[in-house]
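What follows is one structure encoded as structure tokens, with my remarks underneath.
The values are calculated or read from the model by the stated rules, or taken from the named source; none is laboratory data. As the structure is a computational prediction, the values presented were derived from the model and not from experiment. Using ideal geometry, Cβ is built from the backbone for each residue, glycine included, and neighbour counts are taken over all protein chains shown.
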Amino acid sequence: MHEPLLTAPSVQESPAAEVRREHELLAGVLGVFLRCGIKAVNMDDIARQLGVSKKTLYRHFRDKRDLAARAVAFHMEAQAHMLDELDALAGNAIDVELALMERMR
């Protein structure tokens, strides 16, 4: 038996905890989508692979379309943040390129 990938939510979560939980779910969903493809999985598959209930997914996302759109937006936001960090690095082009390679790994 395998352990769930994500932690179980508390009964009464604060708004900040809800946002963290949603980010955990989105990060996990991105992994599922990258491994299996968006079209190849349904909400049951996603819930099973993340080790959460479908109820948990539907508490945060309207449906698979909403989940996919928000997962892609989450990924793009993370990439933009990473590029902003790289842009802010002081140093020569080689240092920036090495930092980019490290982050991509």
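Tabulated data for the structure shown
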quantity: All positions within segment 21-47 that are of a type in the set (D, E, K, R), surrounded by fewer than 14 Cβ atoms within 10 Å (Cβ to Cβ) and in a helix (DSSP H, G or I); calculated: Arg35, Asp44, Asp45
quantity: Failed item, numbered, when Asn92 is tested on (1) more than 15 Å from the chain's Cα centre (by Cα); (2) at pLDDT 95 or above; calculated: (2)
quantity: Any hit, segment 62-85, residues being surrounded by 12 or more Cβ atoms within 10 Å (Cβ to Cβ) and in contact with an Asp or Glu (Cβ under 7 Å, 6 or more places away or on another chain); calculated: no
quantity: Residues of segment 55-78 that turn out to be within 14 Å of the chain's Cα centre (by Cα) and either at positive phi or in a helix (DSSP H, G or I) (or both), as a count; calculated: 15
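This table checks each residue for (1) of a type in the set (Asp, Glu); (2) out of contact with any helix residue (DSSP H, G or I) (no Cβ under 6 Å at 6 or more places or on another chain); (3) under 16 Å from Ala47 (Cβ atoms); (4) in contact (Cβ under 8 Å) with a residue 12 or more places away in the chain.
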residue	(1), (2), (3), (4)
Tyr58	no, yes, yes, yes
Ala68	no, yes, yes, yes
Met76	no, yes, no, no
Ala80	no, yes, no, no
Leu100	no, no, no, yes
